[in-house]
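The values are calculated or read from the model by the stated rules, or taken from the named source; none is laboratory data. Just so we're clear, the structure is a prediction, and the values are computed from it rather than from any experiment. Positions of Cβ are generated from backbone atoms using ideal geometry, with glycine treated the same way; all protein chains shown enter the neighbour counts.
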Amino acid sequence: MTLIDSHCHLNYEGLVEDQVGVLNRARSAGVGGFLNISTKKAEWSQIVAVAEREPDVWASIGVHPHAADQHLDVTSDTLVDAADHPKVIGLGETGLDYFYDHSDRMAQQTLFRRHLAAARELGLPVIIHTRDAEEDTLGILREELQSGNFPALIHCFTGTEAFAEAVLELGLCISISGIVTFKNARSVQAVAAKVPQDRLLVETDSPFLAPVPHRGRVCEPAYLTDTLSFLADLRGTSPECLAEQTTANFRRLFSKAAP
């Protein structure tokens, strides 16, 4: 059984201090691929360097909505140029976060649209973060899709069932994190049980959101197997079958990640 962690932050505190050990523990657990996600421009070179060093690690280029205020100089051309690397397979994470509002909402929307424009040009998937911003996220996606298609996924899904149905209708994929194992995550579990099997990905979002039975610890990509087992039981399938399907889905969505 081989899994791919579709969203982790290997350069974040908690993982970067023992990055080689973190990766080896995950490999021993059956995780055979890692998409290392960037959240601000200062990280890009470090994220790419890890992907250059590790054959089973890929990189993304992007700006998190929390950092939008400090990155209004990042244009779609900036993103296109930075993503011109064989190990960069996605754009993001980007999107809207109205829960914390760490950046001005218009700045968040501007940066989000620039990522989508770059995705149209490059054909790379957009990794979307959205929290308390479903209406505006959908509105921007619908508007931007009118200018041309782009692949995308909602990472670490925590939204409503109606939002899940809407993004699936637009052709997006949905990625499920360890949150699905939490006792109070009934709405996430309801969505995770119903996502079409060809649109489902799995992730840790490590070092955050460690799944049961690791809650309270720094999350590692090795814990992806715990999320997979819970999700397989929720969907009435085997971990082996779900691992095969989610890996195939990752390869199809992130087509630049050639085996």
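Residues considered: Gly95, Gly139. Of these, the only one that is crowded, with 23+ Cβ neighbours inside 10 Å, at pLDDT 95 or above and of a type in the set (Gly, Ala, Ser) is Gly95. Taking the stretch 74-123 as the range and being under 18 Å from the mean Cα position of the chain (by Cα) and among the aromatic types (Phe, Trp, Tyr) as the test, only Phe112 passes. Please count how many residues of the stretch 105-153 are touching a Lys or Arg at 6+ places or on another chain (Cβ under 8 Å) and of a type in the set (Ser, Thr, Tyr). Residues that pass the stated criteria total 1.
Asp81 meets the stated requirement of being over 25 Å from Leu209 (Cα atoms) and not basic (Lys, Arg).
Count of the stretch 1-28 residues, restricted to those that are small (Gly, Ala, Ser) and loosely packed, with under 15 Cβ neighbours inside 10 Å, is 2. Just so you know, in the stretch 78-92 the residues that are in contact (Cβ under 8 Å) with a residue 40 or more places away in the chain and more than 13 Å from Val48 (Cβ to Cβ) include one that is surrounded by the fewest Cβ atoms within 10 Å (Cβ to Cβ), and it is Val80.
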